[in-house]
Amino acid sequence: MAEYYDPKTYPTQWNYLQTGTIIDDYIIERDLAHGGFSSVYLARQRSDQVQVAIKEYLPRKLAHRTWSNEIVANNEKSKRLFAHGRALFIEEAKVLATLKHPNIVEVINFFQANSSVYLVMTYDYGVTLDKLLKAKEIKVTEQWLMDVFGSLLAGLKLIHEHNILHLDIKPANLLIRPENDTLLLDFGAIQPYPLNKSKHKAYILTKGFSPIEQYSATGILAPCSDIYAVGVSMRACLDFSVPPQAPDRVGSDEFPLAQKVHAKKLSQRFLEIIDWAMEVTPANRPQTVQELQDALASM
């Protein structure tokens, strides 16, 4: 008999792995973050007690956790989508395992259990940029932006060199470590480029941060798509708020240029570079990370 899932009566605590849960060779210590498609936990390796971060595939609109920690589809209709997402999760693990860079989260293992998939990553100490902006505990200077986003671009350049797009760059996915060194997280939206015609484009969007071409089935994704998200993330550090969505900016003058709003805060050239990266039309942005890096270096 198929299991019936009623979200109104489903215990909230079952959504997460509990402290002390043993899974593979790891013991769960506590939860770190939760999203619509996954949860991240702080865990400890049983063999050598090294702390790691474990990301669990759990799309909450499609599946749920049973009392025995099995992840099962909510209904028959969700089964196919759940299985497809799980396959993409495995692909994410395989891709990340090949990307070795100090500014990219490192996957050291991945395994299947509980009818789901788990990514084991090195655990880094820091605070995500969205939390820093929300608390307004940082003084945003030109040098601070250069440190934070300069290190991000170093990692992003390697990703693009592997013909991969991240497509979900935003403050919540940027871990700021000591010395303002940035670690790029969450590769759940990655896409190869140029996109194989036999594959469908992903439709993961983040309001305010995704470029206009990500909203359209016919939009062409390229390195400049990630560069738009970098520019918006930089602007969010100045405004302490999220800019309007890209489609809402088309033909509108309601969202002013950084050059006009923050003229007294940063140099004119730096603000011009932020506005350039945030151009709604893809062709008007820097086309490569190197192009953006060169502009920043020439200041």
Computed over the chain: longest principal axis from alpha-carbon atoms vs helix 223-239 long axis, angle to nearest 10 degrees, is 80 degrees
Per GNM of the chain with C-alpha springs under 10 angstrom, the most fluctuating residue out of Thr182, Thr218, Thr128 is Thr218
Here, Thr218 and Ser68, labelled 7 Å along Cα→Cβ, have an inter-label distance in nm of 5.1 nm
If the chain between Gln49 and Glu161 were fully extended at 0.36 nm per residue, the gain over the current Cα-Cα distance would be 36.8 nm
The simple spin-label model distance between Val261 and Lys207, using points 7 Å out along Cα→Cβ, in nm, is 1.7 nm
Ordered by number, the trypsin sites (Lys or Arg not before Pro) in the range 57-150 that occupy a DSSP loop and have at most 16 other Cβ atoms within 10 Å are Arg60, Lys61, Lys100, Lys136, Lys139
If every Lys and Arg gets +1 and every Asp and Glu gets -1 at its Cβ, then about the Cα centre the chain yields a dipole, in debye to the nearest 20, of 540 debye
Rounded to the nearest 10 degrees, the helix 76-98 long axis (Cα) sits at an angle to the longest Cα principal axis of the chain of 60 degrees
Excluding residues fewer than 8 positions from Lys136 in its own chain, the aspartates and glutamates with Cα under 19 Å of it are Asp147, Glu179, Asp181, Asp239
Here the FRET efficiency for Glu137 versus Ser252, based on Cβ atoms and R0 = 45 Å and rounded to 0.05, is 0.90
From the cross-link list Lys100/Lys157; Lys139/Lys264; Lys55/Lys131; Lys131/Lys170; Lys55/Lys157, the entries with a Cα-Cα span beyond 18 Å are Lys55/Lys131; Lys55/Lys157
Highest mean packing first, using Cβ neighbours within 10 angstrom, the peptides 67-75, 208-216 sort as 208-216, 67-75
D (µm²/s, integer) via Stokes-Einstein for the chain, Kirkwood Rh across alpha-carbon pairs, 25 °C, 0.890 mPa s: value 120 µm²/s
The farthest towards the positive end of the charge dipole of the range 127-297, of the residues Pro282, Val242, Pro194, given +1 on Cβ of Lys and Arg and -1 on Cβ of Asp and Glu, is Val242
CD proxy, 222 nm, the chain: helix-only mean residue ellipticity via -39,500 (n - 2.57) per DSSP H run with n ≥ 4, per residue, nearest 500, stands at -9500 deg cm²/dmol
Charge dipole of the chain built from unit charges on the beta carbon (Lys, Arg +1; Asp, Glu -1), centred at mean Cα; most positive-end Cα among Gln18, Ile104, Asn75 is Asn75
GNM on the chain, Cα springs under 10 Å; top mean-square fluctuation among Pro178, Pro244, Pro223 goes to Pro178
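Any read-out appearing in this document is the output of simple, stated calculations on the displayed coordinates, not a laboratory observation. Small disclaimer: the values here were computed from a predicted structure and weren't measured. As a convention, Cβ positions derive from the backbone with ideal geometry for all residues, glycine included, and neighbour counts pool all protein chains shown.
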